[in-house]
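A short worksheet on the structure shown next.
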Amino acid sequence: MTRRSWALDGAVALVVVVLGVLEAVWGIDATHRQGPVWAQAALYVATGALLLVRRVEPLGCLAGIVVVSIVEFAVFGSPEGQGVALPALVAAYSVARWERRRPTWWGLVLAGGLWVAWDGLDPMDTTWAAHAAGLIWLFPWVIGWLVGALVRSQAQNLDQRRVDRQQRAARAVAEERNRIARELHDVIGHSVSVMTVQTSAVRRRLTLDQTAEREALETVERVGREAMQEMRHMVGVLREDGSRVDREPPPGLGQIDGLVEKVRAAGLPVELVVSGRPRPLPGGLDLTAYRLLQEGLTNALRHAVAPRRADVEISYGPTTLDLVVRDDGGPTRAVEAGNGLLGMRERVLVYGGDLVARPRAGGGFELLATLPLEAT
């Protein structure tokens, strides 16, 4: 219960009490009044005040309304009007909407019991036809309960969908982190292999009297091979069952022309613009830049509505690498962040960069990424 909830329930209770008192004292909206004015007014004040706890104790609220009403009906007879109908209507809705500890169908039982007491203790109903016509007073309570059940069901469905989205996002992030770890292993493994091979080559060129240098290089070789072996063991845990080890060198911006040609062959014209002075990038950063452009072009193919072209921009700055992928299609069919976007955010986060993915004002979608180059 929040302050807003208490305020809303207080306002509902106050409205019901005011309408009830107006009916008891001046007969507004009353079919007929029964018994002393003070008794009828007290009934409506009590039943309206019980609505203050309709969220905290929904079934208790309705049960209290039923008990208080039956006592007043038994002593003075049943009045007819909105003062009787409104508190039970709100309480029946509240049971179906908010009750957690007990079956909500108890709300229908209590509403039915209230109607039986009201109809049986009404001195105006003296014939079977009158009793049958009185069933109309039961319908609003049943409808209120049904509406509460519907709202509850919709709220539960929304909660479940939200939980499912969170779980899917968590799984997607975990899978992408594993994929990043495997790819970085390939990048680092390639670099360590080159270092080990070069070290071995230098060692073989040493003369016999260079003992200290030979021992140092042998240590570097041994540590390099051990590091490679440990990396294979650790990353092997991250590989999916049945997945093969990729023997191809990891891609980078040097293969961007081939990626663009594949997208063009798939039917989407792509314009590639490279600005600044291209220079070699660290393997992991080069791979990340390639994957970002690959994901942006894939999204343009899959999700953009009738795109006519896509633009790819690669800008080498003094301290940053800026990547842009834009398309001119209609609104994307996937509004929520999908697995691909979550994966891109994880990749950019590894290098402390920034990523913006958003619809364009004139139509289409754009991906803007900035990767720092200070460490290069």
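At-a-glance table
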read-out: Packing-based order for 2-14, 296-308, using average beta carbon neighbours within 10 Å, highest first; value: 296-308, 2-14
read-out: For the chain, size of Cβ-based charge dipole, Lys and Arg +1, Asp and Glu -1, in debye; value: 540 debye
read-out: Charge-dipole axis of the chain as Lys and Arg at +1 and Asp and Glu at -1 on Cβ define it, positive-most pick from 216, 362, 255; value: 216
read-out: Dipole-positive endmost among 24, 110, 69 within the range 3-161 (Cβ charges, Cα centre); value: 110
read-out: Amide hydrogen neighbours beyond the local backbone of residue 373, cut-off 5 Å, H modeled; value: 320, 321
read-out: Reported label for calculated percent of Cα pairs over 38 Å apart given [x] 19; [y] 53; [z] 65; value: [y]
read-out: The chain: DSSP helices with Cα axial extent of at least 20 Å and average Kyte-Doolittle hydropathy no lower than -1.0; value: 3-26, 58-76, 82-98, 106-120, 138-204, 211-238, 283-302
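Bear in mind that the values in this text are calculations on the coordinates, not laboratory data. Just so we're clear, the structure is a prediction, and the values are computed from it rather than from any experiment. Glycine gets a Cβ as well: all are built from the backbone with ideal geometry, and neighbour counts include every protein chain shown.
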